[in-house]
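J.: Got a structure for you, questions after.
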Amino acid sequence: MEKAYSEVEAERNFEKNRLWFSRFKTTRSFQKLTKPEKVAAQYVTQAFIGLAYKYELREPRRYTAKLVKKVLLELFPKRIAATNVFFTSVIPVMRRYFIFLGVQHKISNADTLVRALDSVGTKQLLDGHQNHRNWDAHKTKAMTILMGTADHVDPKKVAAFEADYNMGVPLRFCFDLGVYRKPKNIILLTEGLRRRFEQILYEKHN
């Protein structure tokens, strides 16, 4: 019988991750991350675990190299609306996190998962995120908020999107120099991507 998605199981995975991450933060390995990586780290691990379960029904003990590549190359670029800083933090954070989970005996194949991460590379992940053709409808709409091109944004709808589709990764927080702040417009994407996205919006409405 094929396993079905369970909200209870999804929340259980998130709760495990919150506990594991609180321990990870106390390690020397975490301290070696850059300041922006530290700020993004909890959301990175949360998003990875959430995507792996929601779309592949995999919890950490059942992760494979193939699963890691799918989450990185397909699910993150397609479904997670976030800044470039967030996306450049994914592989460095998950690399140290997988090693930590291996040491803690939460997973048994940390070396395999790390090799899978290393085979992808941050630039490939970032390129996938920056290509708007990879975005699903939810991410496309959310990126207009993130880039400051959406007017009259309802905070309740933003919060619902973050919880329902973005694996808890916040749109209104800026992963910048280790400080959370709430600017009116968040523009951390490249200018080229911003101009291209604005052109797409213009063409859609004209």
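The values are calculated or read from the model by the stated rules, or taken from the named source; none is laboratory data. This structure is a prediction, so every number in the text was calculated from the model and none was measured. Cβ sites come from the backbone with ideal geometry, for glycine too, and all protein chains shown count toward neighbours. For accessibility, only protein heavy atoms count, side chains too; no ligands or nucleic acids. Shrake-Rupley method; radii C 1.70, N 1.55, O 1.52, S 1.80 Å.
J.: Would the range 41-56 turn up any residue that is surrounded by fewer than 18 Cβ atoms within 10 Å (Cβ to Cβ), modelled with pLDDT of 95 or more and more than 23 Å from Leu125 (Cα to Cα)?
T.: no
J.: Another question about this same structure. Can you tell me how many residues in the range 110-148 are out of contact with any helix residue (DSSP H, G or I) (no Cβ under 6 Å at 6 or more places or on another chain), surrounded by fewer than 18 Cβ atoms within 10 Å (Cβ to Cβ), at pLDDT 95 or above and part of a loop (DSSP other than H, G, I, E, B)?
T.: Counting residues in the range 110-148 that are out of contact with any helix residue (DSSP H, G or I) (no Cβ under 6 Å at 6 or more places or on another chain), surrounded by fewer than 18 Cβ atoms within 10 Å (Cβ to Cβ), at pLDDT 95 or above and part of a loop (DSSP other than H, G, I, E, B) gives 1.
J.: Condition test on Val8, is it surrounded by 14 or more Cβ atoms within 10 Å (Cβ to Cβ) and aliphatic (A, V, I, L, M)?
T.: no
J.: Please work out which one of (1) surrounded by fewer than 16 Cβ atoms within 10 Å (Cβ to Cβ); (2) within 26 Å of Ala137 (Cα to Cα) is the condition Thr26 fails and give its number.
T.: Going through the list (1) surrounded by fewer than 16 Cβ atoms within 10 Å (Cβ to Cβ); (2) within 26 Å of Ala137 (Cα to Cα), Thr26 breaks only (2).
J.: Kindly list the number of the only condition in (1) closer than 22 Å to Glu11 by Cα; (2) part of a helix (DSSP H, G or I); (3) open to solvent by less than 50 Å² (accessible area, probe 1.4 Å); (4) touching a residue at least 40 places away in the same chain (Cβ under 8 Å) that fails for Val71.
T.: Going through (1) closer than 22 Å to Glu11 by Cα; (2) part of a helix (DSSP H, G or I); (3) open to solvent by less than 50 Å² (accessible area, probe 1.4 Å); (4) touching a residue at least 40 places away in the same chain (Cβ under 8 Å) one by one, Val71 breaks only (4).
J.: Which of the residues spanning the range 149-162 are within 17 Å of Ile80 (Cα to Cα) and surrounded by 13 or more Cβ atoms within 10 Å (Cβ to Cβ)?
T.: Val158, Ala159, Phe161, Glu162
J.: Report, by residue number, each residue of the range 79-94 that is surrounded by 17 or more Cβ atoms within 10 Å (Cβ to Cβ) and in a helix (DSSP H, G or I).
T.: Arg79, Val85, Phe86, Phe87, Thr88, Ser89, Val90, Ile91, Pro92, Val93, Met94
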